[in-house]
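Only one structure is covered here, and it is reproduced in the block below.
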Amino acid sequence: MINILDFGADASGMTVSTAAIQSAIDKCEKGDCVYVPEGIYTSGALFLKSDITLFIENGATIKGSDSTDDFPIHTYRWEGQNTECYSSLINAGIGADGVQNIVIEGGGTIDANGVVLFHKEMTEKKGARGRAVCIQNSSDIIICGVTIRQSPAWCLHLINCENVRIDSVKIHTKYDENGNRYKEIFNGDGIDVDSCKNVHITNSLIASQDDCIAIKSGKDAEGRASAMSSENIIIENCRFKSGFGVAVGSEMSGGVRNVTVRDCEFNNTFSIGSVKTCRGRGGVIEDVLFENVELVNTDTEFSDCKWFRGGVYVDSYYSEDTISIEKKPVTDGTPLIKNITFRNAKVDTCGGNAIYISGLPEMHCENITLENVSAVGKYGMKAYFTDNLKMKNVTVSARNGEDYIFEDVTRERCNVC
């Protein structure tokens with residue numbers, strides 16, 4: 001145990017303890033544990049190394065400092081492209097060489113001080129906003145038991161990582177634990193899994209300002225050139241409060257495959273799940289399963305628009321205001337969505353379409369399956385440019401307008417025809 005107090009860390013939070021905490025990290029040898037005891041520790045960016053544990057005790061908080069000078073500029077991936085960014089509060093694998101075998105655990109809190117840093121970083125514009133925790137180019141990672149909150153941007157960002165387990169984590173990016181809103185922060189995702197393989201997220205609570213969990217793999221030509229896919233992702237036994245549920249995309253140009261979301265509850269999120277892309281992305285999203293999931297949304301803050309379509313949606317027109325029937329040439333920037341299943345799903349939302357599915361005129365969605373789905377929405381079900389839409393035991397009800405609208409769709413086993 002390497003106790004940060006032995007290196008001069010201040011448990012009152014009154015002085016900045018970056019140097020003390022980083023010295024404790026640097027002192028660690030293979031298998032050692034950096035111990036953060038009860039107290040508040042104000043800090044700038046911290047950088048973990050291989051084969052260590054960061055243990056944040058119950059009642060302990062590592063809190064981001066108020067100064068952007070404490071968060072130096074480094075290159076991270078941001079919104080799918082390599083970008084100069086302010087450092088995150090907790091960092092690992094920054095630069096070409098990653099880390100291995102790191103653990104972040106305990107009952108304590110990582111508080112990125114996002115409200116203060118958001119405004120300063122947006123004003124200075126030396127780089128894109130930092131995250132609470134960012135780990136990249138790394139493998140064999142465990143994050144367990146901690147609370148992560150109030151990030152200037154995305155809260156927990158994993159980039160090009162393998163073999164990750166996230167267990168019993170609480171993430172708050174829109175409200176604190178007492179329901180007080182973090183003012184003016186936008187694009188505050190909970191967890192972003194970005195070009196990662198073999199990721200297991202379980203038993204966690206995510207209350208997000210934007211996507212609760214987003215699966216990504218790079219954007220447009222840069223993402224296609226890097227060809228770093230996200231695959232073998234399991235999300236199970238999680239609870240979601242606020243935000244936009246589990247999203248696959250929209251930055252998915254390196255490809256996304258083998259994603260499973262099961263046994264999860266969604267309360268006042270806009271969606272259970274979204275699979276989203278647009279022209280220019282290229283890449284393929286395939287083999288995605290949402291199973292044993294339920295959404296109840298009574299929140300009227302958001303409504304159906306180009307950014308989010310409804311309780312369940314598959315959208316190849318993400319970020320576009322209207323659907324066009326005009327076919328565009330198929331290029332390496334034309335995305336494909338196929339083999340998407342929603343099974344044993346219940347949706348009751350006031351915020352948009354109950355179900356929405358749309359491919360492109362030149363590249364239809366393929367093999368979309370709805371099985372044992374009951375969905376009530378502000379609007380009903382809409383489906384466009386989809387081949388092999390398979391429906392079994394599906395009921396949809398619209399509070400406004402028609403229950404079902406299908407255009408240029410081939411259907412099998414459809415119980416609503």
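The values are calculated or read from the model by the stated rules, or taken from the named source; none is laboratory data. Computed from a prediction, not measured in an experiment: that's the story for all the values here. Please note: Cβ atoms are built from the backbone with ideal geometry, for glycine as well, and neighbour counts cover all protein chains shown. The accessibility values were calculated without ligands, DNA or RNA, using every heavy atom of the protein model including side chains. Shrake-Rupley method; radii C 1.70, N 1.55, O 1.52, S 1.80 Å.
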Scope the stretch 180-209; condition more than 22 Å from Met252 (Cα to Cα), open to solvent by less than 50 Å² (accessible area, probe 1.4 Å) and assigned to a loop (DSSP other than H, G, I, E, B); matching residues: Tyr182, Ile185, Ser204
Among the listed residues Gly98, Gly130, identify the single one that is surrounded by 24 or more Cβ atoms within 10 Å (Cβ to Cβ), part of a loop (DSSP other than H, G, I, E, B) and in contact with a Ser or Thr (Cβ under 6 Å, 6 or more places away or on another chain). Gly130
Checked Phe270, Phe240, Phe244 against criteria (surrounded by 23 or more Cβ atoms within 10 Å (Cβ to Cβ) and touching a strand residue (DSSP E or B) at 6+ places or on another chain (Cβ under 6 Å)); the one match is Phe240
Give the residue, chosen from Thr349, Thr410, that is of a type in the set (Ser, Thr, Tyr) and farther than 20 Å from Thr269 by Cβ. Thr410
Breaking point among (1) touching a residue at least 24 places away in the same chain (Cβ under 8 Å); (2) open to solvent by 30 Å² or more (accessible area, probe 1.4 Å), for Trp154: (2)
Inspect all residues belonging to the stretch 114-125 and state whether any of them is over 24 Å from the mean Cα position of the chain (by Cα), modelled with pLDDT of 95 or more and aromatic (Phe, Trp, Tyr). no
Segments classed as strands (runs of 3 or more DSSP E), wholly inside the stretch 356-417, with at least 3 members that are modelled with pLDDT of 95 or more and aliphatic (A, V, I, L, M): 365-377, 379-398
Looking for whichever is surrounded by 24 or more Cβ atoms within 10 Å (Cβ to Cβ), within 28 Å of Ser242 (Cα to Cα) and in contact (Cβ under 8 Å) with a residue 60 or more places away in the chain here; the options are Ala345, Ala354. Which one fits? Ala345
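Listed residues Tyr35, Tyr86; which is touching a helix residue (DSSP H, G or I) at 6+ places or on another chain (Cβ under 9 Å), farther than 26 Å from Ala128 by Cα and of a type in the set (Ser, Thr, Tyr)? Quick ask: steps written out before the conclusion?
Working: Tyr86 fails: farther than 26 Å from Ala128 by Cα.
Being touching a helix residue (DSSP H, G or I) at 6+ places or on another chain (Cβ under 9 Å), farther than 26 Å from Ala128 by Cα and of a type in the set (Ser, Thr, Tyr) holds for just one of Tyr35, Tyr86, which is Tyr35.
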Among the residues of the stretch 357-382, write down those that are more than 29 Å from Glu301 (Cα to Cα), polar (S, T, N, Q) and within 24 Å of the chain's Cα centre (by Cα). Thr369
State all residues of the stretch 103-127 that are surrounded by fewer than 23 Cβ atoms within 10 Å (Cβ to Cβ) and assigned to a strand (DSSP E or B); if no residue qualifies, say none. Val103, Glu105, Thr109, Asp111
Selection status of Lys328, within 15 Å of Leu389 (Cβ to Cβ), of a type in the set (D, E, K, R), open to solvent by 10 Å² or more (accessible area, probe 1.4 Å) and in contact (Cβ under 8 Å) with a residue 40 or more places away in the chain: no
